[in-house]
1. Give, in whole angstrom and from largest to smallest, the semi-axes √(5λ) of the equivalent ellipsoid of segment 141-218, with λ running over the eigenvalues of the Cα gyration tensor.
2. Using the Cα atoms of segment 91-234 to build a convex hull, what is its mean projected area in square nanometres?
3. Taking K and R as +1 and D and E as -1, what net charge do the other residues with C-beta under 12 Å from the C-beta of residue 135 add up to?
4. How high is the relative contact order of segment 197-271, in percent, counting Cα pairs under 8 Å that sit 6 or more residues apart?
5. Within segment 62-82, list the residues whose amide N lies under 18 Å from a label point set 7 Å along Cα→Cβ of residue 100.
6. Points 7 angstrom from Cα along the Cβ direction at residue 209 and residue 259: gap in nanometres?
7. By the gyration tensor of its Cα atoms, with a ≥ b ≥ c the square roots of the eigenvalues, what is the shape of segment 197-271: rounded for a/c under 1.5, prolate for a/b over b/c, or oblate?
8. For residue 238, what charge total do you get from the other residues with a beta carbon under 14 Å from its beta carbon, if Lys and Arg give +1 and Asp and Glu give -1?
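Coordinate-derived values only; no laboratory data. As the structure is a computational prediction, the values presented were derived from the model and not from experiment. Methodologically, a virtual Cβ is constructed for each residue, glycine included, from the backbone with ideal geometry; neighbour enumeration extends over all protein chains shown.
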Amino acid sequence: MEQGKFDLMKRLSLLLAAAGALALGACQQAANESAGAPNDVKSAEAPQGASEYDVVRSMLELANVGPNDLVVDLGSGDGRIPILAAREKGARGMGVEIDQRLIQQSNTNAREAGVADKVSFRQEDLFVTPLNDVTVLTVFLLPEINLQLRPKILLQMRPGSRVVSNTFDMGDWRPDARREVGGTTILMWTVPARVEGRWRLTQGEASGELALTQRYQDLSGQAGGRDLGSPSLAGDRIAFTADLGQGARRFEGRVEGDRIVGDGWEAVRTGG
Ligand SMILES: C[S@@+](CC[C@H](N)C(=O)[O-])C[C@H]1O[C@@H](n2cnc3c(N)ncnc32)[C@H](O)[C@@H]1O
């Protein structure tokens with residue numbers, strides 16, 4: 001590994017450890033207390049700044065985790081998030097953790113929780129983990145780390161997949177949902193499809209240019225030179241009101257790469 005990258009990793013680990021001691025310090029006591037609760041994953045030693053179990057459960061609920069999900073926790077500590085996702089939601093889970101000791105502990109915890117076949121743990125720098133197949137990404141990291149991860153999340157994760165953060169935001173990417181659990185804020189984002197650009201919108205015999213402008217999930221644009229009414233984008237679901245000369249109607253459809261497909265209409269990308 002290049003020296004610069006190694007130094008950055010070291011600095012980040014120290015930064016996270018420091019944050020664990022400071023900003024996340026309040027979690028420690030609760031984490032230790034809940035580690036022994038009968039319904040929770042046993043942990044010989046909770047890592048600094050571990051998410052409390054009721055916070056983990058709310059994170060999984062907020063992201064609507066189910067059996068079809070792959071839940072990946074970046075900086076997974078003792079593995080509690082993927083383990084609970086597997087045990088209580090039937091999901092597959094993966095934890096990415098830099099600390100070998102915590103990886104060993106996570107594997108022990110997974111075996112004891114009876115989900116060793118559904119979860120895995122990788123000793124890896126969280127910045128190199130590919131996110132393409134992740135349907136739910138969980139993080140309890142620092143805001144600056146979230147910001148560094150944000151472009152990769154938006155580029156690699158599929159539209160409609162979810163990101164849940166314990167406490168920290170994603171800069172100017174507005175969360176789609178927020179929940180308070182015993183003084184802890186949980187934030188959730190749905191990864192939006194990338195729709196910015198020019199499209200040819202066709203409805204039966206009528207067609208016109210559709211120009212879309214996007215800031216994360218916030219959408220605006222014009223069709224046939226007139227502003228779209230009530231545009232919305234949620235994952236791969238898009239909706240807007242437009243008039244192609246046959247009267248205003250609501251267009252609701254699904255983004256499929258360079259096509260948007262709706263009932264009786266479609267749009268094809270013509271330019272970035
Ligand atoms: C605040 S703890 C969160 C643990 C767990 N996600 C939870 O919510 O209970 C952050 C974890 O990130 C790990 N970590 C720090 N830097 C990392 C890096 N560069 N790559 C992978 N893991 C890292 C730390 O060892 C620590 O276990």
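1. Numbers: eigenvalues 212, 36, 18 Å².
The answer is 33, 13, 10 Å, longest axis first.
2. Details: hull surface 47.1 nm².
Taking a quarter of the hull surface, the average projection is 11.8 nm².
3. Working: positive: 89, 92, 158, 162; negative: 69, 133.
That works out to +2.
4. Working: 165 pairs, mean separation 21.7, N = 75.
Normalised by residue count, the contact order of segment 197-271 is 29 percent.
5. From segment 62-82, the list is 76-78.
6. Placing both labels 7 Å along Cα→Cβ, they lie 2.4 nm apart.
7. Because its axes are fairly even, with a/c under 1.5, segment 197-271 counts as rounded.
8. Details: positive: 194, 237, 250, 254, 259, 269; negative: 196, 218, 236, 252, 256, 258, 263, 266.
Residues close to residue 238 contribute a combined charge of -2.
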